[in-house]
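Encoded as structure tokens, the structure appears first; notes follow it.
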Amino acid sequence: APAAPAMGSHPSMAPTAPMAPVGMVMGSMGLVSAVSARKHRKPSGIRSVAKLTRCAEGEADPLLAEAKAAAEAAKLQLEAAKLRAEADELRKATATAQRKERAVRLLGSEEVMGIGLPELMARLQEEGTEVSGEQGLALAQAMGQEEPYFFRLEDLTSEAFDKKISEIQAENVKQRQAEAKKREEERANQAANAASAASSTTASPEMGEVVNDDRSLGPRLTGSLAYILPLTEAFKFMLPLVQQFPPLGVIFGPITLLTVLLNTIPFIPLILFVTFIIFAQVKDIPRLVRFNLEQAVLIDMALTLPSFILSTLEFSGNLEVASVLGGLTFALTFGISVYAVLCNLDGKDPDGVPLISNVTKNVVDRGTFFDPPKEDNK
């Protein structure tokens, strides 16, 4: 038989009796989770304390460190500006004191009212600053002075006076440097001329003698002028053609004039001829000049043959042939002279004239008209 319900219990409560232990278990689990979560969560106060702890240990905030560095830099800039200002003030004070000290020295005493321009220039020279008359006037004008020039203590201590004195000293330094450079250039030129003169004195390979081989501008021009003698002599053969064709006289105007002058004065061509022969043998004269003098003489001597032929033709009545041959003789002589002048201006011996140049070398270098024996050439 079924058991009777207990006293005081309701029949409807019988089915819910087994659920009570389950609810207790679930409540216990929720309490444990809440306690665990609270255990692992740090309060905000604890986080702030941790952050302050890190800052105290050296782990500074980047923004705070940057602001701190900017403040330090601004502080250093202010200190540097302050030092520069103090240095400028000190420099100005020192410059003022130096200007006043110099002004007192120039015046001789602070009690002196002033000084004139000539005496000031003398005092400045004693101080080591040379002032010319022009510079002295410029100094007075820079100070706003008018005649009579009179410099007081405040003028001599002014910045304008100090600036003008500095400019004068700079001008003097530049002038001395320019003079020193000029002296050095003169010494260099003298040394170069001495070296050129020494190098121009060389030994003759044929005779073993020391000869002057200077080929500067002077010997070149002198050697070129030597061919006036053969040109004026050959131009005589050109006169018949000039008479037939007057423009030729205009073209060769200088040669025409020289020919007339040399033949107007008696014996001038002969005197030149003998003078050229004598100077061609003087060893002290540069070899280039001697070579041209001797070659001009030989060309002039060579013109004797066409002169004889032309005289014969004229005597026989062949005037046209004589005129043409005379023109050719002058043209040949003129060409040789132009060649010689060009060689001289280039500093070279005009030794390309057939036969004549070879004889010229023998006369100038060996003192003979003939070539040396073959044994001497070996």
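The values are calculated or read from the model by the stated rules, or taken from the named source; none is laboratory data. Values in this document were obtained by computation on a predicted structure and should not be read as measured data. Heads up, the Cβs are rebuilt from the backbone with ideal geometry, glycines too, and the neighbour counts pull from every protein chain shown. When the accessible area is computed, the model is the full protein with side chains, heavy atoms only, and any ligands, DNA or RNA have been set aside. Shrake-Rupley method; radii C 1.70, N 1.55, O 1.52, S 1.80 Å.
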- Query: Where does each of 315-322, 156-163 land if you order them by average Cβ count within 10 Å, highest first?
  - Reply: 156-163, 315-322
- Message: What is the ratio of the Cα radius of gyration of the range 111-158 to 2.2 N^0.38 Å, with N the residue count, to two decimals?
- Response: 1.06
- Item | Accessible area (Å², per residue) of the range 295-378, counting only protein heavy atoms and a probe of 1.4 Å | 60
- Task: Give the value in nm², to one decimal: projected area of the alpha carbon convex hull of the range 233-336, averaged over all directions.
- Result: 7.2
- Message: So for each of 365-371, 330-336 I average, over its residues, the number of other beta carbons within 10 Å; can you give me the resulting order with the highest mean first?
- Response: 330-336, 365-371
- Task: Quick one: give the max-minus-min coordinate of the C-alpha atoms of the range 63-149 along each principal axis, largest first, in Å.
- Result: 73, 27, 23
- If ligands, DNA and RNA are left out, what is the accessible area of V104 with a 1.4 Å probe, given in Å² to the nearest 10? 40
- Size descriptor, Kirkwood hydrodynamic radius, that averages inverse alpha-carbon separations across the range 301-354, Å: 12.6
- Item | Greater than 21 Å apart at Cα, pairs in K236/K348; K283/K361; K82/K163; K82/K164; K92/K163; K100/K174 | K236/K348; K82/K163; K82/K164; K100/K174
- Note on the structure: Reported to the nearest 10 Å², Y149 has, with a 1.4 Å probe, an accessible area equal to 50
- P(r) histogram, all alpha-carbon pairs of the range 124-273 included - 5 Å bins from 0, percent: 2, 7, 9, 9, 7, 6, 5, 6, 6, 6, 6, 6, 7, 7, 6, 4, 2, 1, 0
- Query: Using the per-residue mean of other Cβ atoms lying within 10 Å as a proxy for protection, in what order, highest first, do the peptides 117-123, 231-237, 273-279 fall?
  - Reply: 231-237, 117-123, 273-279
- Query: Relative contact order for the range 87-166 using alpha-carbon pairs under 8 Å, separation at least 6, rounded to a whole percent?
  - Reply: 38
- Message: Using C-alpha positions alone, give me the convex hull volume of the range 257-307 per residue in cubic angstrom.
- Response: 90
